[in-house]
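First the structure, in the form of C-alpha cells, and then the observations on it.
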Amino acid sequence: MALKVGVIGNGGISRCHARGYKALGDRVEIVACCDIVEEKAKAFAEEFDVKNYYTDCKTMLEENELDLVSVCTWNSAHAECTIAALNAGCNVICEKPMAMNAQQAIEMKEAAEKNGKLLMVGFVRRQGNDAAAAIDFINKGYLGDIYFAKATYLRRCGFPGGWFGNKSLSGGGPLIDLGVHVIDLTRYIMGNPRPVTVFGATFDKIGARSHIKTTAWESETVVEKPVFDVEDLAVAMIRFDNGAVLQVETSFNLNTKSSSGDIELFGDKAGLTLEPFELHTECNGRIADISISGDNGFDFDRDFNREIKNFADAVEGKAQCIATADDGVELMKILDAVYLSAKTGKSVDIAR
Ligand SMILES: NC(=O)c1ccc[n+]([C@@H]2O[C@H](COP(=O)([O-])OP(=O)(O)OC[C@H]3O[C@@H](n4cnc5c(N)ncnc54)[C@H](O)[C@@H]3O)[C@@H](O)[C@H]2O)c1
C-alpha cells in the first residue's frame, strides 16, 4: 500500500517536497495539504492532484491517516506543526532551520521519541555529491587531521522578502536561514564533532535592500508592510570538541564584490574546497592544486528528490536517515550561541 503523505505550508519549498514525493511513483500518495492561506492550499492541491486541502493542520491530521508529513511553513510554525503531526502518529520531515531555538528543537525530538516516529530535518545539502565525495576523501586520509574550516554563504543582495525579515516568524536573518545550511554541511563532512564554544557577531547596517531586484530565493508570502528586524550579516567562530575551529560568514546583503558560497576544509595533509571540488596540497616539492573530475556538486532538484527518498526509505527501514533530530538540535544550539554571543560580546560555552 502507498505511504500516505500530507504537506503543511504550501509555499515555495513545499513544491520541492511535492516533486520529491511524485518522483517516488506509486510508493507514496500525497493525500492532503494545508496552508493557513486557503488559496495557497487550493493551488497546491490543484497543481499536485491532492484530494483534500485544509487551512488548519490539526484538522488535516484528524481527518487523514498519514504516514509521512512535510513541514514547510515559516520557521515559527515548525515546532507546533511538527509536534502535532508526531502526536498524530506521523513521521515528519521538517524544513531547516529545525526550529526558532534549541529548546523548541529538543521538544520536537522528544515528541518523536515519545511517539516512536522518525523526525528528519531538511538539511538538503547533506544529500549532495560534494558532501559524499568530501567524506570519501577524508575517510581515506587524504586531508589528514582537519583543524580549521571555513563556511561562507554570502549574498551581496539576496533578502528573500516575505516573512524572512520578521524575527517573530523567522527567528533571525541569514544565520538561521543560510548559515544553517553551510554550518551543518561542514559539521557533517567533518564527522559531526560536538560544538563546545562559540564567538559570534551580527550586524544590521544595510537592511532589506528591497529596492534592488534580486535573483536569489524569494518567499511566496506577500507582506503589505515588510518587517526587517533581523541581522543582514553574521560571522562566527565555532570550536568543536576535537579542537577544530569553523569560521562562518553569512549575509542577506553585504557590500562585497560578488555573492559567494563555499566550504573549505584545512587538514595537515591537504585542504579541500567544494566549489570547485579541489584538493590543495603539495607534490614533488611544489605546491599543487588537484582538480577532481566527475560530478562532485550539489544539484538542487536532484538532491531534494534524494532527501525525500531518504525520508521514505528510512521510514520503511530501507536506509539510515542522514539528517536526524539530534543533528537539528546540535545545530540550533550553535545558532542560539552565535546570537547570544553577538548580544553579549562574549564567547558562549554550549551547555550539555
Ligand atoms: N532547504 C532549502 O534549501 C530551503 C529553501 C527555501 C526555504 N526553506 C525553508 O522552507 C520553509 C518555508 O520557506 P518558503 O520559502 O517556502 O516560504 P513561503 O513564504 O513561500 O511559504 C511558507 C508558507 O507557510 C504557510 N504557513 C505558515 N504558518 C503555517 C501554519 N501554521 N500552517 C500551515 N501553513 C502555514 C504560509 O502561509 C506560507 O504559504 C522555511 O522554514 C525555510 O527556511 C528551505
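Answer with yes or no whether GLY144 is assigned to a loop (DSSP other than H, G, I, E, B), buried (at least 18 other Cβ atoms within 10 Å of the Cβ) and touching a residue at least 24 places away in the same chain (Cβ under 8 Å). For GLY144, the condition - assigned to a loop (DSSP other than H, G, I, E, B), buried (at least 18 other Cβ atoms within 10 Å of the Cβ) and touching a residue at least 24 places away in the same chain (Cβ under 8 Å) - is not met.
Restricted to region 307-321, and to residues there that are in contact with a Phe, Trp or Tyr (Cβ under 9 Å, 6 or more places away or on another chain) and more than 23 Å from LYS114 (Cβ to Cβ), the residue that is surrounded by the most Cβ atoms within 10 Å (Cβ to Cβ) is ILE308. Within region 292-306, the set of residues being under 15 Å from the mean Cα position of the chain (by Cα) and under 23 Å from ILE138 (Cα atoms) comprises PHE298, ASP299, ASP303, ARG306.
Residues of region 67-89 that are over 19 Å from LEU175 (Cβ atoms), surrounded by fewer than 24 Cβ atoms within 10 Å (Cβ to Cβ) and more than 8 Å from the ligand (Cβ to nearest atom): ASP67, ILE83, ALA84, ASN87, ALA88, GLY89. Out of curiosity, is LYS58 within 15 Å of the ligand (Cβ to nearest atom), out of contact with any strand residue (DSSP E or B) (no Cβ under 6 Å at 6 or more places or on another chain) and among the basic types (Lys, Arg)? Spelling it out, LYS58 is indeed within 15 Å of the ligand (Cβ to nearest atom), out of contact with any strand residue (DSSP E or B) (no Cβ under 6 Å at 6 or more places or on another chain) and among the basic types (Lys, Arg). Whenever a residue of region 294-322 is more than 14 Å from LEU3 (Cα to Cα), its partners that are within 12 Å of the ligand (Cβ to nearest atom) and charged (D, E, K, R), lying with C-beta atoms within less than 6 angstrom and at least six residues away or across chains, give the pairs ILE322/ARG126. Taking the criterion of being part of a loop (DSSP other than H, G, I, E, B) and more than 16 Å from the chain's Cα centre (by Cα), would at least one residue in region 170-187 satisfy it? No, region 170-187 contains no residue that is part of a loop (DSSP other than H, G, I, E, B) and more than 16 Å from the chain's Cα centre (by Cα).
Let's see how each residue does on (1) of a type outside the set (A, V, I, L, M); (2) over 25 Å from ASN129 (Cα atoms):
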{"site": "VAL230", "(1), (2)": "no, yes"}
{"site": "GLY243", "(1), (2)": "yes, yes"}
{"site": "PHE252", "(1), (2)": "yes, yes"}
{"site": "LEU265", "(1), (2)": "no, no"}
{"site": "ASP268", "(1), (2)": "yes, no"}
{"site": "GLY271", "(1), (2)": "yes, no"}
{"site": "LEU274", "(1), (2)": "no, no"}
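Of the residues screened, LEU24 is one that is in contact (Cβ under 8 Å) with a residue 40 or more places away in the chain, farther than 29 Å from MET332 by Cα and of a type in the set (A, V, I, L, M).
In region 1-21, the residues that are on the phi > 0 side of the Ramachandran plot form Cβ pairs under 8 Å with partners that are part of a loop (DSSP other than H, G, I, E, B), at six or more places apart or across chains, as follows: GLY9/ASP35; GLY9/CYS72; GLY9/THR73; GLY9/TRP74. Of all residues in region 190-208, count the ones that are touching a strand residue (DSSP E or B) at 6+ places or on another chain (Cβ under 7 Å) and either in contact (Cβ under 8 Å) with a residue 60 or more places away in the chain or assigned to a helix (DSSP H, G or I) (or both). Within region 190-208, residues that are touching a strand residue (DSSP E or B) at 6+ places or on another chain (Cβ under 7 Å) and either in contact (Cβ under 8 Å) with a residue 60 or more places away in the chain or assigned to a helix (DSSP H, G or I) (or both) number 10. If you check LYS343, LYS333 for being basic (Lys, Arg) and in contact (Cβ under 8 Å) with a residue 24 or more places away in the chain, only one passes: LYS333. Under the condition of being within 11 Å of the ligand (Cβ to nearest atom) and either farther than 29 Å from LEU185 by Cβ or more than 13 Å from the chain's Cα centre (by Cα) (or both), the residues counted in region 90-99 number 0. Mind telling me which of the residues ALA41, ALA105 ends up being touching a residue at least 40 places away in the same chain (Cβ under 8 Å) and crowded, with 19+ Cβ neighbours inside 10 Å? Every option except ALA105 fails the conditions.
No value in this document is a laboratory result; all are computed from the given coordinates. These numbers come from a predicted model, not from an experiment. Glycine also receives a Cβ, built like all others from the backbone with ideal geometry; neighbour counts cover every protein chain displayed.
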